[in-house]
Every structure is written in C-alpha cells, then in structure tokens.
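Reading through the structure tokens given below for one structure.
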2 protein chains.
Amino acid sequence: MTTLGYALLGLLAREPLSGYDLARQLKHPVGFFWPARHSQIYPELAALEAAGLVTHEVVEQPDRPDKKVYAITEQGQTVVREWVTSPMDVPSVRDELVLRTYCLWLAEPDKLRALFQEHAARHAAQLAEYEGYEHECREHAPEALHDTWSPLFAKYATLRRGISYEREYLEWCNWVLSCITAQDTDG
Amino acid sequence: MTTLGYALLGLLAREPLSGYDLARQLKHPVGFFWPARHSQIYPELAALEAAGLVTHEVVEQPDRPDKKVYAITEQGQTVVREWVTSPMDVPSVRDELVLRTYCLWLAEPDKLRALFQEHAARHAAQLAEYEGYEHECREHAPEALHDTWSPLFAKYATLRRGISYEREYLEWCNWVLSCITAQDTDG
DNA sequence: TCTCACATGTAACTAGTTACATGATTGC
DNA sequence: GCAATCATGTAACTAGTTACATGTGAGA
C-alpha cells in the first residue's frame, strides 16, 4: 500500500466519490498536504479495487459523461483505520526556499528581496484561503468542533495546522526581509 | 540541473568538500530541509563535473582512505548565484501526519493519543537540537548575525526557520492532544 | 577478530510529474 | 466552430529510496 492509497481510502471513508472528484479533493483542500494528479489516482484506484478495498459502480448522468463512483469496502475501512495510528517513520521535509536561504549570501540583494516578497505574498494568500475555510467551518457546523470523533473536526484540525503553518512561514519571510532590507547599502 | 545539484553547488560555494562530507552535511544541518543519500550524491557530482561546474582532486590521507575533494568553478558560482533568486514554482508540501489527521475520526482514541505524543516528542527534540545550533551560532560568531551577506547569517536564517517551524508543529500537536484528551470517554 | 567510521560507487525499484490520448456535453 | 468543464485512461520520464558491492584503517 502506498500513502496515496490510504489517502484515497480516507476520502472514500467519508463518502463515495469518482476518480475525478477524488482528484479535485486532492487539490483542495486535502491537496494542501497530499497533492496528486489524476494520472496517479486512476491506477491507484484500480489497485485498491484489485485488493478488495474499494468497489465501483458506473453512474450514468444525462447531462454529463458517465462516471465510476467508488465506495470503500468493510475491508478497506479496517485497513485505513489501522493505518491512521500505525508506526510512522520520520518524514523528510524538502523546502527549496530554505535551501536557497542557505545560499542567500551569494545573491543580488534586489532580486533576493523580490523573491522573499513573492513568497510572503503567496503564504499570505494561502493563509487567507485557509482562514476562509475555517470561518466556513465555524459558521456551518459549530457543533462538529466539539465532537472530536466527527469527520468535520478532523477537517478542522488540519485547517488549524494549515493556518499556523502559513502564519509562521509568513512571519519568517518578513523577518528575513527586514534583515536584508536593513543592510540595503551593503550588497 | 536538479535541485540537489544546486544544493551541492551551494555547499561547495562555501568550501571544497568530498562526496562523503557533502553527504554528511545533507544529513545535518542542511539535511533538515534537503536530505540526500550518498547513492544520489555521487552520480550528481559526476554530472556537475561533466557540466564544468565543479572539479575534483584526489587527496591522499595517511590514516584514512583517499578521497576526492570537489571545488566549485567560476561557472558553477555563476550558476548557483543565478539559481538562488530564479523563479520558483509553488512547492508541493506532503505531510503524512496531517493526512492522518484528516482521518483521525476513524482511529482508536488511545492509539491516536500515542501517535500525537510521539510526534510531539519528536518535534520537541528537533526543536532542542536547532536551538542548540542557534546558541552555538550566537556564541561563536555574533558579528556574523549582523552581516546579512555572510554565509553564517544564511545558516542562522535557516535555523530561525527550523526553530519556528518545529515550535509551531509542536504547539499544534499539543493542541490536537488537548482536544482528543478532553473527550476521553467518548470514543 | 570484529566493529566502527571513512570513503566511493552501481543496480533495482518506487512514487510522482509531464505529456499523450480520447470523448461527452454545455455555453459563447 | 471553439473553449471550458467533466470524465477516464496510458506512456515516458525524473527524482529519490533501498539494496548491493567493495575497500581502508583504527581501536576494542
């Protein structure tokens, strides 16, 4: 089993979805922490079905092309439930901006400032998007936030992580900017 | 050029190193944001040399096996300097713990608590390590922190990022723990 | 003698990306 | 007629991981 396989099972444990819908969810909002393209999703679904973890039925749509709607099986539910709390190896984080920061002393000051300004803007935008989702969550289902074992709380918890991650990243970008701007005339 | 190639050039822009030394640095401290194994590093060095970005000389050591010490060329310096501020596509972040969090409603409460306790401990340990490096940095070369275009400031800047990242992650783990512990009897 | 750190490589595999490929239906 | 969204697939490539492979020298 690949991690993507578990990701798909996790989504299908909430509701039956087509490959297309799964691809959409793996862009927003799940895609913020586990993105995947359709070219990876379709073969993975076939593998999950071969393993007996999901089934599909073809749903005919009058106004749109037919689709295959996948549903999780009993066995699939067992597998995903076990996975959630199974031992995890230390994840490897790769961040190209931090790598570039390690080499920042080589760069031209003006271009460097532009780079960090761009990233600050990106993270500010992402933060705003997460905060929008969080607001929706609070408005739409405030009771879910108190039921820790509801799917909605799980979504809320990932949003909290996204928000604090982006806020922290943004603050760091601004700190770097303040450092490299203070020494404007040195470069 | 791969990102690893630039990472190696960035390290060699600071000082000449052997493949073995590069591998060590790509575990600690650079490895915290761009890990790589020796099996990837040695072929990459050969590619960089073929492209004229680095050269090597064999250094004989009386007490240890001979080694190839790589040095960056003029051309290599130009390439790495350009790269630092070149346009960057939006990086894709994959975090399996956040993915699992999205599925946390499926899990057994006790096991889930254990999972988050383990991760909280990991991030606390990583935070302590970064803070140790930062302390060293401050003690050893306090003047570097005021010279934004020194290699030491660049290192310090990545450390600041590591520290705030780990602190934020740790806080989030503890927040999740407080949520799932408050509802102890529900599961 | 055995283990550890130093030192350098190759081979096989896996996950993920990019590109290729097809086709329905709606709205401009 | 053309572009956009919905819908599903395959092929080729790239980066990264795991495993295989070899050898030196120091110290216990």
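The values are calculated or read from the model by the stated rules, or taken from the named source; none is laboratory data. None of these values were measured; they are calculated from a predicted model. All Cβ positions, even for glycine, are placed from backbone atoms using ideal geometry, and neighbour counts span all protein chains on display.
Which condition number does B:Leu53 fail, the rest of (1) over 30 Å from B:Thr181 (Cβ atoms); (2) within 16 Å of DNA strand D (Cβ to nearest atom); (3) modelled with pLDDT of 95 or more; (4) within 12 Å of chain A (Cβ to nearest Cβ) being met?
Here B:Leu53 clears every test but (4).
Suppose we filter A:Arg100, A:Arg14 for residues that are free of Cβ contacts under 8 Å to residues at least 60 places away in the same chain and either not assigned by TED's automatic domain parsing to the domain that holds A:Thr158 or not in a loop (DSSP other than H, G, I, E, B) (or both); which single one remains?
Values: A:Arg14 fails: free of Cβ contacts under 8 Å to residues at least 60 places away in the same chain.
Within the list A:Arg100, A:Arg14, the selection yields A:Arg100.
Among the candidates A:Asp95, A:Asp63, A:Asp89, single out the residue that is within 21 Å of the chain's Cα centre (by Cα) and at pLDDT below 95.
Values: A:Asp95 fails: at pLDDT below 95; A:Asp63 fails: within 21 Å of the chain's Cα centre (by Cα).
Sole residue among the options that is within 21 Å of the chain's Cα centre (by Cα) and at pLDDT below 95: A:Asp89.
Looking at segment B:25-46, which of the residues that are hydrophobic (A, V, I, L, M, F, W, C) and away from DNA strand C (no atom under 11 Å from the Cβ) is farthest from B:Pro91 (Cα to Cα)? Explain how you work it out, then say what you get.
Taking segment B:25-46 and keeping what is hydrophobic (A, V, I, L, M, F, W, C), we get B:26, B:30, B:32-34, B:36, B:41, B:45-46.
From the residues that got through so far, the ones that are away from DNA strand C (no atom under 11 Å from the Cβ) too are B:26, B:30, B:32-34, B:36.
Values: B:Leu26: 20, B:Val30: 18, B:Phe32: 16, B:Phe33: 13, B:Trp34: 13, B:Ala36: 18 Å.
By that ranking, first place goes to B:Leu26.
If you go through segment B:56-74 one residue at a time, how many are more than 14 Å from chain A (Cβ to nearest Cβ), more than 16 Å from DNA strand D (Cβ to nearest atom) and of a type outside the set (Gly, Ala, Ser)?
Going residue by residue through segment B:56-74, those that are more than 14 Å from chain A (Cβ to nearest Cβ) are B:56-71, B:73.
With the extra rule that they be more than 16 Å from DNA strand D (Cβ to nearest atom), the set shrinks to B:56-57, B:70-71, B:73.
Those left that are additionally of a type outside the set (Gly, Ala, Ser): B:56-57, B:70, B:73.
Within segment B:56-74, residues that are more than 14 Å from chain A (Cβ to nearest Cβ), more than 16 Å from DNA strand D (Cβ to nearest atom) and of a type outside the set (Gly, Ala, Ser) number 4.
Filter segment A:17-43 down to the residues that are free of Cβ contacts under 8 Å to residues at least 24 places away in the same chain and more than 16 Å from the chain's Cα centre (by Cα) and list them by number.
Listed by number, the residues that qualify are A:Ser39, A:Tyr42, A:Pro43.
Would you check which residues across segment A:63-82 are part of a strand (DSSP E or B) and either surrounded by fewer than 14 Cβ atoms within 10 Å (Cβ to Cβ) or within 16 Å of DNA strand C (Cβ to nearest atom) (or both) and list them?
Looking only at segment A:63-82, we keep the residues that are part of a strand (DSSP E or B), and these are A:67-72.
Hits for segment A:63-82 are A:Lys67, A:Lys68, A:Val69.
Using the structure shown, decide if A:Leu115 is in contact (Cβ under 8 Å) with a residue 12 or more places away in the chain, over 26 Å from A:Ala23 (Cα atoms) and in contact with a helix residue (DSSP H, G or I) (Cβ under 8 Å, 6 or more places away or on another chain).
The answer is yes for A:Leu115.
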